[in-house]
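Nothing in this text is a laboratory measurement; each read-out follows from the coordinates by a stated rule. Since the model is a prediction, treat every value here as computed from it, not as a measurement. When we count neighbours, we look across all protein chains shown, and the Cβ atoms used for this are built from the backbone with ideal geometry, even at glycine.
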């Protein structure tokens with residue numbers, strides 16, 4: 001049930017609001033002054049607080065500020081008989097959802113409460129979603145190589161240093177990029193990903209820098225490119241080693257000048273973007289073969305993070321398998337299956353050329369094909385060594 005707290009020093013106002021809200025099937029609590037209201041907020045969680053501004057001992061703005069300091073996500077609707085634009089602006093700047101004058105209009109009050117509840121639900125859903133996303137992109141492992149990567153991320157993420165992430169396919173290069181963004185000061189801004197290998201060479205420039213209407217045959221309208229979409233945030237260029245030579249030149253210019261020009265356009269557009277890149281290729285070999293620009297390489301590789309193969313971190317397999325068993329059970333809506341120590345040791349004997357991605361697929365296969373307890377014989381039966 002929705003819980004609403006009324007903080008007001010006028011008993012008649014509290015009684016009136018209580019009658020209205022209880023008729024609407026809300027659970028209502030009352031506080032006769034600011035300190036009492038703050039104490040109740042500390043002890044319990046409320047969806048909405050209707051808070052008077054002019055009160056003895058502690059005014060409503062101070063209650064709002066202290067509630068924010070406590071990390072409370074209660075939506076505050078400020079009410080006052082002495083309302084003016086300055087008061088309303090101050091209240092909203094401090095984080096209040098809305099401001100209503102006394103005596104409150106019944107319809108407006110109920111609509112405002114419903115809107116505040118919608119926002120509260122959205123905040124809660126966003127938190128749950130972020131938690132799921134952060135778990136999905138967690139870096140699992142206790143091996144020395146994984147700890148070294150985690151330490152590097154912690155040092156590098158708060159800076160704007162460009163990072164080149166290297167390693168074979170399936171090792172988790174994207175996870176490293178996501179954590180670099182999540183732990184940066186840009187984390188509230190977009191993380192825009194571009195798979196350079198998946199985009200035809202003739203379209204990569206349009207994808208990155210956008211294009212103007214009519215700049216080529218199929219350009220029927222203006223398009224905003226990935227650099228502009230990532231403005232203020234992070235641009236992750238995956239498989240950078242597959243980028244065309246002309247696109248490499250434009251990316252280099254964008255990094256040097258923090259400006260881009262759309263395909264078919266003349267206007268220079270300023271961009272503030274942190275660049276993260278990844279590749280499964282040896283870029284130094286590509287430079288020797290004239291497939292990759294050396295000057296671009298040095299621009300991109302301020303920090304290099306080498307992601308190990310699964311073969312180099314076999315001691316992490318027990319943790320990875322446990323995580324995959326939990327995630328797959330949740331995805332399928334089934335009880336989590338268990339795996340024996342001998343089965344884990346059997347998994348540690350394989351080469352895992354497909355790395356973590358291959359291990360995840362194997363665990364999913366075992367979950368589908370095996371009984372509640374997965375043993376060594378199951379692993380031997382269902383694991384196809386690549």
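The table below lists the values:
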item: Between helix 245-257 and the chain: long-axis angle, C-alpha atoms, 0 to 90°, nearest 10; result: 40
item: Where only C-alpha atoms are counted, convex hull volume of segment 143-308 per residue in Å³; result: 108
item: Extension gain from residue 256 to residue 161, taking 0.36 nm per residue of separation minus the Cα-Cα distance; result: 32.8 nm
item: Estimated Rh, segment 311-382: Kirkwood, alpha-carbon pairs, angstrom; result: 12.1
item: Convex hull per residue volume in Å³, alpha carbons only, for segment 167-214; result: 98
item: Considering only segment 208-337, percent of DSSP beta bridges that pair antiparallel, nearest 5; result: 45
item: Fewest-first sequence of 234, 338 by Cβ atoms within 10 Å of each Cβ; result: 338, 234
item: Equivalent ellipsoid dimensions for the chain as semi-axes, Å, which come from the Cα gyration tensor, largest first; result: 50, 33, 18
item: FRET efficiency estimate (nearest 0.05) - Cβ-Cβ, residue 119 to residue 201, R0 56 angstrom; result: 0.80
item: Average Cα contact separation per residue, segment 218-366, under 8 Å, 6 or more apart, as relative contact order %; result: 20
item: Helix-only CD estimate at 222 nm, as mean residue ellipticity for the chain, using -39500 (n - 2.57) per DSSP H run (n ≥ 4); result: -14000 deg cm²/dmol
item: Efficiency of FRET from Cβ geometry, residue 332 and residue 221, R₀ 25 Å, rounded to 0.05; result: 0.05
item: Added length on full extension, which subtracts the Cα-Cα distance from 0.36 nm per residue, residue 284 to residue 154; result: 44.1 nm
item: Whole-Å distance, taken between Cα centres, linking segment 1-64 and segment 139-166; result: 47
item: The chain: relative contact order as a whole-number percent, Cα under 8 Å and 6+ apart; result: 12
